[in-house]
1. Residue-wise, which Karplus ³J(HN,Hα) couplings in Hz belong to the stretch 398-413, taking 6.51 cos²θ - 1.76 cosθ + 1.60, θ = phi - 60°, and x for glycine or proline?
2. Taking R0 as 22 Å, what's the FRET efficiency between R198 and H172 from their Cβ-Cβ distance, rounded to 0.05?
3. Expected output is a single nm value to one decimal: the length gained when fully extending between N500 and Q363, i.e. 0.36 nm times separation in residues minus the C-alpha distance. What is it?
4. Set Lys and Arg Cβ to +1 and Asp and Glu Cβ to -1, take the dipole of the stretch 216-271 about its Cα centre, and tell me which of F238, A227, V250 lies farthest positive.
5. Which value, in debye to the nearest 20, gives the size of the charge dipole of the stretch 366-481 about its Cα centre, when Lys and Arg are +1 and Asp and Glu are -1 at the Cβ?
6. How much FRET efficiency would the formula 1/(1 + (r/R0)^6) give for L400 and T426, where r is the Cβ-Cβ distance and R0 is 51 Å, rounded to 0.05?
7. Mind checking which of G488, L513, A524 is farthest towards the positive end of the stretch 404-532's charge dipole, using Cβ charges of +1 (Lys, Arg) and -1 (Asp, Glu) about the Cα centre?
8. Please report, in debye to the nearest 20, how large the charge dipole of the stretch 406-448 is about its Cα centre when each Lys and Arg carries +1 at its beta carbon and each Asp and Glu carries -1 there.
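Derivation of every value follows stated rules applied to the coordinates shown; laboratory data play no part. Bear in mind that the values here come from a model prediction, so they are computed numbers and not experimental data. Reconstructed Cβ throughout: ideal geometry from the backbone, glycine too, with neighbour counts over all protein chains shown.
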Amino acid sequence: MDTIRERSATHGPAGGTTDAGAVLIGRVDDSPSSDVGLVATWPRRAKPSPALLALARTALDEDRILSRAVDSATTAAPDSGNETDAAATMIVAVPIAIGRPPRRCALAVITPVALAAPPTAPQAPEAPPDPLDDANRPASAIRLLDAINGHDDLESASLALVSELARIVHAHRVSIGYVSGDAVQVVAMSNTARVKGRSPLTRDLSQAMDEAIDQAATLVYPAESGAPARVTLAHRRFVTRHGCALLCTVPILISNDRGRALIGAIALEFAHDRRLDSRAVRFIENIGSLLGPSLDARRRLAAPIAGRLASTLAGRPRELLRRGGRARRIALAVAATLLAAAALVPLPFHIKAQARVEGATQQVMASPVAGYIGSVYARPGDRVLAGQPLVELDDRELRLERQRWDSELAQIQKRYGDALAREDQTEIAVQRARIDQAKAKIAIVDKQLARTRLVAPYDGMVIDGDLSQSLGAPVKRGETLMTIAPLGAFRVMLSVDERNVDEIAEGQRAAVLLPALPGARIVAQLGKPIPV
């Protein structure tokens, strides 16, 4: 109530601030109206008007935001001492869910509304209302409160808050982060669906939030003349690297049963040469104090159960033991014993690794000569028998080569016959050597022709080499065309992360899960590790 009524005593009704307010609380489930009670009013010790209480009760019953315009004479509190002119006023009532078990709280406030005079002449269109104006701050705060109350999880509530806040203060981008261990984790950015945790932007933004939280003060860079001296090294680095004109970081300070604590920070980025209004800074500081407890409750619920239990036991062990009876002390002792046992008793440790199934042995079918793919008789996944043709290369060039050597051999044999007729021993020896050379060339070409037809060496399955779309494509000598694996002999190759290499050894048991067989669990034994 004090936050919503900020500086009302200084400015008074003429400044357009809230004139009166009340907070009612009741159970979330259906309950009689007698269960609704008045817990706070403004001004203090003043009796709220019946219209104020009636609208607050209606907001509780209907569970929605209500507003009503009435005369100031109707809403004036008899003991408030707040004299207002006879002008129209607006009552706004907002239901809020708080606490566990959940209870519903209704916040109702009265704010002046200026009556529009009948137009006597054409007037220029009015400028849109400033959300940071004194008269509009309660409505802006209520919009922010309503934005986060529409979400249960921390990330969604934070995203709704920064998106609405960016629209109110006209910021280029608004981000919010929460203290996690020794650093700040950026959870949400306005107009951004998901935050990338390891990007340079979030890293520099987290350091700027850390800088503001360490000094427990609002930091603005570039700072205005006359501002208190602060350390803004991270802010200057962020502005330089990411091209914004001004960066303002406001820590979120809350008060709970353990005292006052800083749980995070809100960072606002402004483009161009816009200067940040001091009203906006005070508004964001007040919003952080108002919405901080609700955000902190969601942050605690988002933490792991073990972390929440450890935090509770570390923060209030004496209080738990002092307030609890014998049964509670016994329960705490049992819980502590179970935690100690869980820490000391060895538990199974499993290592997960990506696996691939391949044949125990593999036969690579390579191209014996340079040529072109002529025909393909098998594709990956086909079962083949020993001697079955797989690929046939185009042998036209080799056949032309054989015809050339046949013709050459015929000419040499004719010259050899002439030498025999002349009984020229020297020519006979030369032509006989040429005949042997031509026959050797022909034998080589015949072997190459025989090898242009690749056949399966044994019964198996083609596991690699789809050449059906490569007919006529050139191949080099020694180029791999197909790979065949035998049927019935497989092995599983595991890719173990280097961090877990020391945990594995030959002979250990492993369980293989195949996507094609989701219900099957194949037990295997680790072989010799192969370093990569």
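1. Calculated HN-Hα couplings, in order: 5, 5, 5, 5, 5, 4, 4, 6, 4, 5, 5, 5, 5, 5, 5, 5 Hz.
2. In this case the efficiency is close to 0.45.
3. Length gained between N500 and Q363: 46.1 nm.
4. Projecting each Cα onto the dipole axis, the largest value belongs to F238.
5. It comes to approximately 180 debye.
6. 0.95
7. G488
8. On the way: 8 positive and 8 negative charges, 27 e Å.
Computed charge dipole of the stretch 406-448: roughly 140 debye.
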